[in-house]
Amino acid sequence: MSLLLRNARLLDVATGDYQEADLRCADGRIVETGTGLSAPDGVRSVDLAGAPVLPGLIDAHVHVTASTADLGALPSSSPSYVAAHSARIMSGMLDRGFTTVRDASGADYGLCDAQEEGLLRGPRLLFCGRALSQTGGHGDSRGRGTRVSDDHPCCAGLGRVADGVDAVRAAARDELRKGAHHLKVMASGGVASPTDRIDSTQYSMDELRAVVEEAEAANRYVAAHAYTARAVNRALRAGIRSVEHGNLLDDESVRLFAEYDAFLVPTLVTYWALKKEGPEFGLPADSHRKVDEVLGQGLVALERAARGGVRTVYGSDLLGGMHRHQNEEFRIRAEVQKPIDVIRAATSTAAELLSMRGEIGTLEPGAHADLVVLRGDPLTDIGFLADPSHVMGVVQGGSVVSAQRGSALAA
């Protein structure tokens with residue numbers, strides 16, 4: 001598919017400036033930008049009349065298989081039923097402007113291959129398979145009265161239990177065998193898990209380092225779920241590249257992020273949504289009571305990290321029917337960050353974390369032709385990103401995959 005977008009305002013996320021120019025796509029890539037570009041035969045030409053164009057958005061913390069907020073119920077669901085929900089969830093993400101997502105546990109090579117082959121519409125999918133959890137950790141969905149493990153490879157679910165260095169190595173190798181783009185470990189307690197405390201640390205340092213060693217051997221990296229400063233700092237010292245959430249980090253955490261060249265992926269919108277709608281979409285009462293422990297500190301942690309120069313990446317972490325709030329993360333972060341910095345978190349900085357710099361998160365020639373066309377300027381009003389109704393159209397791989405009725409892209 002070849003496409004020429006005329007009279008666009010192209011955002012250079014590196015400088016934060018717009019360029020009034022045309023942009024041409026061919027064979028799934030951005031070929032050239034500039035003024036007065038010609039359209040070869042067979043190229044569709046669209047006049048955007050000055051509309052802002054951003055690189056396709058990147059959400060680095062999603063759960064596309066999380067059809068409910070009751071994560072403990074997923075293993076009892078049919079895999080085909082979960083896959084149908086995943087297709088719907090991913091389609092909605094694409095319409096909201098997200099052309100690449102990193103799944104933080106639950107998705108597998110089947111969904112990834114289906115998206116690549118065009119069997120389902122949705123963002124490019126980078127997956128870790130199942131997150132690794134200790135017994136009674138954030139990835140162990142068993143209640144106190146359940147003795148038999150519900151960790152079966154044929155069933156849906158977000159985590160797998162592995163205890164001890166040898167078992168952790170074997171589990172890491174197994175996820176890598178199945179094509180994982182990264183690994184994930186549960187390094188602290190969490191909201192949606194039934195038997196742990198948010199302020200707990202999980203996995204020994206030897207176990208954490210074992211996962212990191214296995215990932216590095218395969219030229220991959222490890223993401224870690226962690227809330228408290230103690231859990232965050234342990235994960236960073238173990239060589240974790242990406243800390244998820246980090247709501248209760250401290251100044252020592254900020255120093256360690258710089259020392260270990262790591263990234264922080266806050267997911268503030270999920271606590272906002274869980275507080276408002278969690279029970280409606282299946283969040284158990286015990287988990288709902290945990291939300292307040294992390295809800296209020298998320299913005300404080302983000303402001304501390306940003307002030308200290310930590311590279312922050314966009315994440316949403318939404319569950320069940322709350323996925324529709326995915327863009328609200330832009331509005332929440334803009335309370336403590338400049339709009340361009342929030343946009344970078346969802347484009348160029350996210351691309352760095354995913355080891356895809358120059359491939360996604362940019363409008364430079366040679367990158368994948370993933371673009372978002374907006375009705376207004378998000379640098380002056382972040383609402384043009386926070387409200388998906390302002391997404392006029394989405395281009396993925398050089399093809400218009402979503403367009404509002406009546407817009408130039410829909411013609």
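Here, each number is a calculation from the coordinates, and none is a lab measurement. Just so we're clear, the structure is a prediction, and the values are computed from it rather than from any experiment. Cβ placement follows ideal geometry from the backbone for every residue including glycine, while neighbour counts extend to all protein chains displayed.
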Taking the beta-carbon count within 10 Å as an exposure proxy, list Met205, Met392, Met186, Met356 from fewest neighbours to most. Met205, Met356, Met392, Met186
Extension gain Glu117-Lys338, at 0.36 nm per residue separation less the Cα-Cα distance, in nm? 75.8 nm
Can you put Ser200, Ser45, Ser402 in order of Cβ neighbours within 10 angstrom, beginning with the fewest? Ser45, Ser200, Ser402
Can you give me the convex hull volume of the Cα atoms of the stretch 211-265, divided per residue and expressed in Å³? 62
In debye to the nearest 20, how big a dipole does the chain give about its Cα centre with +1 on each Lys and Arg Cβ and -1 on each Asp and Glu Cβ? 400
Starting at the first residue of the stretch 241-247, write each ³J(HN,Hα) from the Karplus equation 6.51 cos²θ - 1.76 cosθ + 1.60 with θ = phi - 60°, in whole Hz, x for Gly and Pro. 8, 9, 9, 9, 5, x, 4
Angle check, please: helix 79-95 long axis (alpha carbons) against the longest principal axis of the chain (alpha carbons), in degrees 0 to 90, nearest 10. 40
Radius, Kirkwood style, for the stretch 255-333 when every pair of distinct Cα atoms is counted (Å): 13.4
Distances longer than 33 Å among the Cα atoms of the chain: what percent of all pairs is that? 29
Just for the stretch 57-326, what percent of DSSP beta bridges are antiparallel, to the closest 5? 5
Taking one equal scatterer on every alpha-carbon of the stretch 1-126, how large is log10 of I(q)/I(0) by Debye at q = 0.15, 0.16, 0.19, 0.20 1/Å? -0.79, -0.85, -1.02, -1.08
May I ask you to sort Thr270, Thr100 by Cβ crowding, counting other Cβ atoms within 10 Å and putting the fewest first? Thr100, Thr270
If amide H atoms are modeled at 1.01 Å from N in the peptide plane, then the residues at a separation of 5 or more from Thr135, or on another chain, having amide H under 5 Å from its own are Ala162
Which far-off residues, 5 or more places away or on another chain, put their amide H under 5 Å from the one on His245, with H placed in the peptide plane? Val265, Thr267
May I ask you to evaluate 6.51 cos²θ - 1.76 cosθ + 1.60, the Karplus curve with θ = phi - 60°, for each residue of the stretch 63-73 and list the ³J(HN,Hα) values in order in whole Hz, giving x for glycine and proline? 9, 6, 8, 7, 6, 9, 7, 8, 5, x, 7
So who's got an amide H within less than 5 Å of the one on Ala51, skipping anything under 5 residues away but keeping other chains? H placed 1.01 Å off N, in plane. Arg9
Translational D (Stokes-Einstein, µm²/s) of the stretch 1-61 at 37 °C and 0.692 mPa s when Rh comes from the Kirkwood sum over C-alpha pairs? 269
Per-residue HN-Hα couplings for the stretch 117-123 [Karplus 6.51, -1.76, 1.60; θ = phi - 60°; Hz; x = Gly/Pro]: 8, x, 6, 9, 8, x, x
